[in-house]
Each structure stands twice: as structure tokens, then as C-alpha cells.
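To start, the structure under review is shown below, and the notes come after it.
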Amino acid sequence: MNASKVTVFPRREPPVILVVEDDVITRSLVSDELRSGGFKVLEAASTDDAVAVLDTMRVDLLFIAIRLPGAHNGLDLARLVRARAIPAKLILATGMEDEALGLPKDEDLGPFLRKPYQVSQVVELVSHSLNWSEPADK
Amino acid sequence: MSTISTNPTPKPGTPVETVLVVEDEILIRHVIADYLRECGYRVFEAVNADEAVAMIETPEISIDIVFSDVQMPGSMDGFALARWIRANKKGIQVILTSGVERSADIAATLCEAGPLLEKPYEPQGVIERIRQLTANAGAGQMQARSDKT
């Protein structure tokens, strides 16, 4: 066999998801379901915690609640990710209407998920955004 | 909002306990929570004692062991959380950890597992403490059964 023709597929690491949500029950529900879907999940309760993670490790997707306590909300965090050119997908969760968010029409931060949502919707949206399906042998 | 998924059927030999890790430092919390998951435990996370109480009081979630830092922001520290659990949720075992040496004596009076786990700890040390706790709990249940006969 010609070794140059052998294709070696890299080991398929699960994508890393950072869930940013201050409500512990919602955060746990979403994170637990994402882990069941084969993702590696980190949980942050604030934008400060999220930034600490982003400063330390690679994250493939952030699922961010827009309404967060503290000086910076979820939109600020999403804009920071874009400003730093971090190659991560974004999904934002909000109970607010578009007008209330006050987003400029040309600002594309990522898809929005309206609260209240089903946890299964989060897993579907995350899987679709990352083109990920759980390995069959898992 | 859908309910929390039920525990999957564990493989033989894997732990069946659910652990709640309470730690405000996200990177420390992630490392120990991830390690416990790798060891087969089902793990939930809380950033402070208030979140921990909310998790413990959620009917759909059954916590067996709380592994908590002592120094935390919020209305309660780890000691207060341990006292709350002792007063309200007797079935939950508590392991406390701290970088402050003088905390050890207080922890010894609050935790069935003995003195607190000093920071910095090795993740394996946490596993050993959990195993010790669950073994003691199992022995206690057997003793209670034999006392009834």
C-alpha cells in the first residue's frame, strides 16, 4: 500500500460548549442535556467567569443568556467574543423582543433562542450550529 | 422547560452517586467537576451556597454528596451550607475544602467524613474521600438493618 494515499482521520474530540446563565437550575438543565448529547460543557454564571474561561481555553460555542447580573450582560459578552475574533459560534437566549434588545440591523451575533425554551431545542440548535452528531460508539 | 433527564443506567462498576460541586472559582470548579465526571459520577455545579440550596431543593434532582469550598461569596459560606444540609437534608453527605488551615477544626464537627480537605487538593483525594463516605454510609445502613433484626 502506498502510505501517501492513507488518510488518517484525527481523533474526534467533542466540541466544547460554554453555557453562560445565572439561573442555576436553567444552567444545570441545559448543561446536563448537552453533556448527554456528547458535548464537553463548562458552566459560567457571569460574564466575568465566561471571560476567565475564554482567556484559558478553546471554546467552540457559547450559549449565552442575554440577561445577566453585573456590569456586563450577555450582549456585551457576545460582542467581546466577536471583537477578539475568537473562532467560536454564538447562540443567545432571551425573553425580550427584538425591539427591546436594540440591536443594530447589521449586527449579526448569532441565532437567538426565545425564552422559555425546551432544553431539547438548545441541544438541536447547538448540534446544528456545530454540525455535530454524537459518535455512534459512545 | 423540560425536566431533567433521568440518570442513565450506569455500567457495572461505575459510581452511581450524584455529586454537587460548590466552588466560586470557575476554573477550579471545572477541573474537579470534569474529573469526577470522568470517574463516572453524575455531577452538578453551583457557584455559591445559595445556588447549592436551590439545586438541593429542586425535586427533580437527587444529590448524594456535596463537595463545597468553605470561602465563598454570598449569604452563606461552606460551613453555613454544611449546617443547613445537616439541619434540612440529612441524607446528603458533605465534604468541605479550604485553603485556610484553622477551618479544619470547624469542618471536623460538621462533616461525617472527618476534617476538611485542604487546598490545594489532588482530584484523586476527592475521589478517595467520596468513596470513604459512601462506604461509611453503606456500613451504617447495614448496621441499622442488623439492629432491626
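FYI, it's all coordinate maths here, none of it is from the lab. Everything quoted here is computed from the prediction, not taken from an experiment. Every residue, glycine as well, gets a Cβ built from its backbone with ideal geometry; the counts of neighbours run over all protein chains shown.
So the values come out like this:
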item	result
Distance between modelled label sites at B:Glu122 and A:Ala85, nm, 7 Å Cα→Cβ extension	4.3
Compactness index (Cα Rg / 2.2 N^0.38 Å), chain A	1.16
Peptide A:20-26 - average C-beta neighbours from other chains (10 Å radius)	4
Net charge dipole size for chain A [Lys, Arg +1 and Asp, Glu -1 on Cβ; Debye, nearest 20]	620
Longest DSSP-loop-exposure-free segment, GluC sites (Glu not before Pro), chain A, at most 16 other Cβ within 10 Å	A:1-96
Cut-off 18 Å (backbone N to label point 7 Å along Cα→Cβ of A:Tyr117), residues of region A:62-87	A:62-69, A:73-79, A:81-82
Mean separation of Cα contacts under 8 Å (6+ apart) over length of chain A, as relative contact order %	22
Shape of region A:9-57, Cα gyration tensor, a/c cut at 1.5	oblate
Long-range HN-HN contacts of B:Ile95 with modeled amide H, under 5 Å	B:Val66, B:Phe67, B:Ser68
Förster radius 25 Å - calculated FRET efficiency between B:Ser75 and A:Asp48, Cβ distance, rounded to 0.05	0.80
Structure-based [θ]222 nm, chain A - -39500 (n - 2.57) summed over DSSP H runs of at least 4, per residue, nearest 500	-10000 deg cm²/dmol
Full-extension gain in nm, B:Val16 to B:Lys89, via 0.36 nm per residue minus C-alpha separation	24.4 nm
R0 of 45 Å, Cβ-Cβ distance B:Val31-A:Asn131: FRET efficiency to nearest 0.05	0.95
Three-way shape call for region A:59-116 based on the alpha-carbon gyration tensor, with the a/c threshold at 1.5	rounded
